[in-house]
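See structure below.
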Amino acid sequence: MIKLAISGCQGRMGQLISDLASKNKNFEIFALIESPLCKDVPESSYGVKISKDINAVKGADVLIDFTLPEPTMKSLEACLKHNVRMVIGTTGLSDDERLAIQKASQKIAIVQSTNMSVGVNVVFGLLKTMAASLKGYDVAITETHHIHKKDAPSGTAKTMAEVIGEVRGKKVTDISSVREGEVVGYHKVTFDSPVDTIEISHNAKNRGMFAEGAIIAAGFLAKKKNGFYNMQQVLGLV
């Protein structure tokens, strides 16, 4: 059984991940961790005491972190200290923070992705094919999220741009961000030419798909000692 720690356990993603893990016979919720700044935190959840000390990860097999860049980097330090594998779904990371994560993966196994959704990762693969076949087309990306999302463009939109840019050898710069209501996440990529327009889009109906992907990633890491992985590798799409 995989001993799972969850950082940001009282957040929207943290609660979804905790719920899924509690119903999965392959996982034991070993540690639940929340920020010292978070108010009205219950003493326990799912029969596990909620800690405000990230070192509560000690003894866990995998930590899942969907928080913010600063606490995620503190989680990384604790995971290195206690030899705990890590699933990182946090977006808005700086280049230096991403480099630190990749360096840490030399010692511990890490899955880091801007989007844990199976569907979105399939879209990433489709975009590679489209970028290779539609070289003369102009590309535009539009992403829409809820008003609480702090980073823009979204990590998913950036990854879409990177995927296309790597194939074409040219950066995608036309990325539009919209923040409205409680939209979970909508992404649309448009390939446009003088003769036709081709669009591919993904609409997240709820956050459950991200939680499901995180649990799959945690299971993938359970037998890994170190290394840096993305969801394409976790899902066997590459």
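The values are calculated or read from the model by the stated rules, or taken from the named source; none is laboratory data. Nothing here was measured: the structure is a model prediction, and the numbers come from that model. Positions of Cβ are generated from backbone atoms using ideal geometry, with glycine treated the same way; all protein chains shown enter the neighbour counts.
For a quick check of your reading of the model, give me the residue pairs whose first member lies in region 192-217 and is surrounded by 11 or more Cβ atoms within 10 Å (Cβ to Cβ), whose second is among the basic types (Lys, Arg) and outside any loop (DSSP other than H, G, I, E, B), with beta-carbon atoms closer than 7 Å and at least 6 apart or on different chains.
Once the first residue is surrounded by 11 or more Cβ atoms within 10 Å (Cβ to Cβ) and sits in region 192-217, its partners that are among the basic types (Lys, Arg) and outside any loop (DSSP other than H, G, I, E, B) give Glu199/Lys188; Ser201/Lys188; Arg207/Arg12.
Restricting attention to region 180-200, does a residue exist that is part of a helix (DSSP H, G or I) and either in contact with a His (Cβ under 7 Å, 6 or more places away or on another chain) or within 30 Å of Leu63 (Cβ to Cβ) (or both)? Steps first, answer last, please.
Of the residues in region 180-200, the ones part of a helix (DSSP H, G or I) are none.
Within region 180-200 (the criterion being part of a helix (DSSP H, G or I) and either in contact with a His (Cβ under 7 Å, 6 or more places away or on another chain) or within 30 Å of Leu63 (Cβ to Cβ) (or both)), the answer is no, since none of the residues qualifies.
Scan the strands (runs of 3 or more DSSP E) fully inside region 1-68 and keep the ones with 2 or more residues being over 22 Å from the mean Cα position of the chain (by Cα).
Values: elements: 2-7, 27-33, 48-51, 62-65.
So the answer is 48-51.
Of everything in region 73-111, what is among the β-branched types (Val, Ile, Thr) and either touching a residue at least 60 places away in the same chain (Cβ under 8 Å) or not assigned by TED's automatic domain parsing to the domain that holds Ile215 (or both)? Give them in sequence order. Steps first, answer last, please.
Step one: list which residues in region 73-111 are among the β-branched types (Val, Ile, Thr), which gives 84, 87-88, 90-91, 101, 108, 110-111.
Answer for region 73-111, where residues must be among the β-branched types (Val, Ile, Thr) and either touching a residue at least 60 places away in the same chain (Cβ under 8 Å) or not assigned by TED's automatic domain parsing to the domain that holds Ile215 (or both): Val84, Val87, Thr91, Ile101, Ile108, Ile110, Val111.
Okay, residues lined up against (1) touching a Gly at 6+ places or on another chain (Cβ under 9 Å); (2) farther than 20 Å from Val234 by Cα; (3) of a type in the set (Phe, Trp, Tyr):
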| position | (1), (2), (3) |
| --- | --- |
| Gly14 | yes, yes, no |
| Ser18 | no, yes, no |
| Cys38 | yes, yes, no |
| Lys52 | no, yes, no |
| Thr67 | yes, yes, no |
| Met73 | no, yes, no |
| Ser94 | no, yes, no |
| Ser105 | yes, no, no |
| Ile110 | yes, no, no |
